[in-house]
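Single-structure report; data block below.
The values are calculated or read from the model by the stated rules, or taken from the named source; none is laboratory data. Quick caveat, the model's predicted, so the values are computed rather than measured. Using ideal geometry, Cβ is built from the backbone for each residue, glycine included, and neighbour counts are taken over all protein chains shown.
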Amino acid sequence: MSQFLSNCSVDALAAAARSLKEGSLVAFPTETVYGLGADATNAKAVARIYEAKGRPADHPLIVHIADNKFLEQWISDIPEYAIALARKLWPGPMTLILQRSELAKDFITGGQDTVGIRIPDNSIALGLLEAFHRLDGAGIAAPSANRFGQVSPTTANAVQEELGNYLSEADLVLDGGASEVGLESTIIDCTGKQPRILRPGAITIEMIEKVSGFKVSDSAENKSENTKQEEIRVSGSLENHYAPKAKVFLDQQPVRGSGFIAFSSIETPDGVFRLAAPKTIEEFARVIYSALREGDHQNLDSIYIAQPTGDGLAIAIRDRLSRSAKGR
Ligand code: TXA
Ligand code: MG
């Protein structure tokens with residue numbers, strides 16, 4: 001069992017950074033979802049992430065850094081448009097896939113010659129990263145802090161529920177309250193002439209087009225552009241991801257005794273258990289994972305969701321929900 005830290009003072013974050021340096025795991029909040037962190041240059045520590053998650057070893061990890069000045073050491077090349085994205089949209093819910101440097105070893109990249117980098121927009125995550133850089137740490141590797149294939153945690157309690165049994169006494173879980181965005185970062189492949197979205201998120205197509213000056217397609221919604229190889233590389237794009245125990249049904253009339261998630265403007269049908277009634281698209285994203293978890297806590301067999309329509313964040317929500325609905 002890991003230690004649970006709800007007082008994330010400067011001293012506590014410095015101690016957590018030291019633990020990372022010593023090879024322990026530290027789960028920490030980000031604006032998207034909670035991550036399970038390890039020193040991204042420590043093979044043994046990173047191996048423990050895979051163990052704790054039950055994740056196949058060829059799935060690459062995102063390296064988190066505190067500032068653009070720590071980017072250079074991880075990469076060997078960066079196109080102009082990616083520099084613009086990094087400058088304008090970091091810190092934020094965006095991961096850039098770039099050509100790796102020698103520092104990004106196979107145990108981070110899954111043996112590929114690219115590396116995923118992100119600067120999270122969360123004060124505890126940034127405080128931890130800054131403390132880690134002060135100890136000469138290069139970056140913190142962190143996947144979402146859930147068992148492989150399951151719903152990402154958006155609270156420290158959900159991390160504990162997912163991974164408590166797989167962490168050791170020296171590992172830490174930092175409690176920073178509920179994640180503000182609630183969906184994993186937008187992943188953008190920046191190895192080609194123009195940016196390409198591998199996983200949609202809160203950094204939307206419109207934002208990427210505006211900053212990069214390129215027209216971008218969402219290959220996540222346009223499946224035919226995705227090769228089989230990419231499907232494996234971006235594990236978050238595997239079909240049976242983000243799945244609760246309950247069976248998820250999309251845009252269908254809920255049956256009695258099931259769970260129901262929809263905008264607050266949609267009334268709860270008789271005999272159905274309302275799990276969430278968000279008022280805005282942002283709130284929908286923020287509460288969706290905790291609502292799915294709540295359905296499991298209530299031992300519901302099925303959860304019905306009226307999906308949001310439209311572009312922007314709705315694309316990311318539908319992306320995750322369509323995978324949830326494929327089941328485990
Ligand atoms: O919001 C997020 O991105 C969260 C927080 C903790 O930062 N992290 C996260 O990590 O969602 P994870 O490992 O659960 O999902 C990251 C996805 C995986 O599907 C992985 O395959 C993909 O990013 N990925 C990482 N490095 C990659 C690379 N070099 N090329 C292609 N995909 C990569
Ligand atoms: Mg994940």
**OP:** Go through A138, A156 for me and flag whichever is small (G, A, S), at pLDDT 95 or above, under 18 Å from the mean Cα position of the chain (by Cα) and under 16 Å from A16 (Cα atoms).
**Re:** A156
**OP:** Mind listing whichever residues of the stretch 109-124 are within 15 Å of G37 (Cβ to Cβ) and either more than 8 Å from ligand 1 (Cβ to nearest atom) or touching a Lys or Arg at 6+ places or on another chain (Cβ under 7 Å) (or both)?
**Re:** I117, I119, N122, I124
Original post:
Regarding R100, is this residue farther than 25 Å from G182 by Cβ, away from ligand 1 (no atom under 12 Å from the Cβ) and not aliphatic (A, V, I, L, M)?
Top reply: no
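Inside the stretch 268-303, can you point out the residues that are assigned to a loop (DSSP other than H, G, I, E, B) and over 17 Å from T154 (Cα atoms)?
T268, P269, D270, G271, V272, A277, K279, T280, Q298, N299, L300, D301
Taking the stretch 29-84 on its own, how many of its residues are in contact with a Cys (Cβ under 9 Å, 6 or more places away or on another chain) and not small (G, A, S)?
Taking the stretch 29-84 as the starting set, the residues that turn out to be in contact with a Cys (Cβ under 9 Å, 6 or more places away or on another chain) are 29, 78-79, 81-82.
Then drop every residue that is not not small (G, A, S), which leaves 29, 78-79, 81.
Final tally of qualifying residues: 4.
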**OP:** Considering only the stretch 50-87, state which residues are within 16 Å of ligand 2 (Cβ to nearest atom) and without any contact (Cβ under 8 Å) to a residue 40 or more places away in the chain.
**Re:** Y50
Subject >> Near pairs, Cβ below 8 angstrom, 6+ apart or cross-chain, from the stretch 34-49 (under 24 Å from T154 (Cβ atoms)) to any residue that is charged (D, E, K, R) and within 15 Å of ligand 1 (Cβ to nearest atom) >> reply: L36/K53; A38/R48; I49/R55
Subject >> 3 or more residues surrounded by 15 or more Cβ atoms within 10 Å (Cβ to Cβ): qualifying strands (runs of 3 or more DSSP E) within the stretch 1-84 >> reply: 3-5, 26-28, 35-39, 62-64
Original post:
Does D136 qualify as being without any contact (Cβ under 8 Å) to a residue 12 or more places away in the chain and either within 10 Å of ligand 1 (Cβ to nearest atom) or over 30 Å from P278 (Cα atoms) (or both)?
Top reply: yes
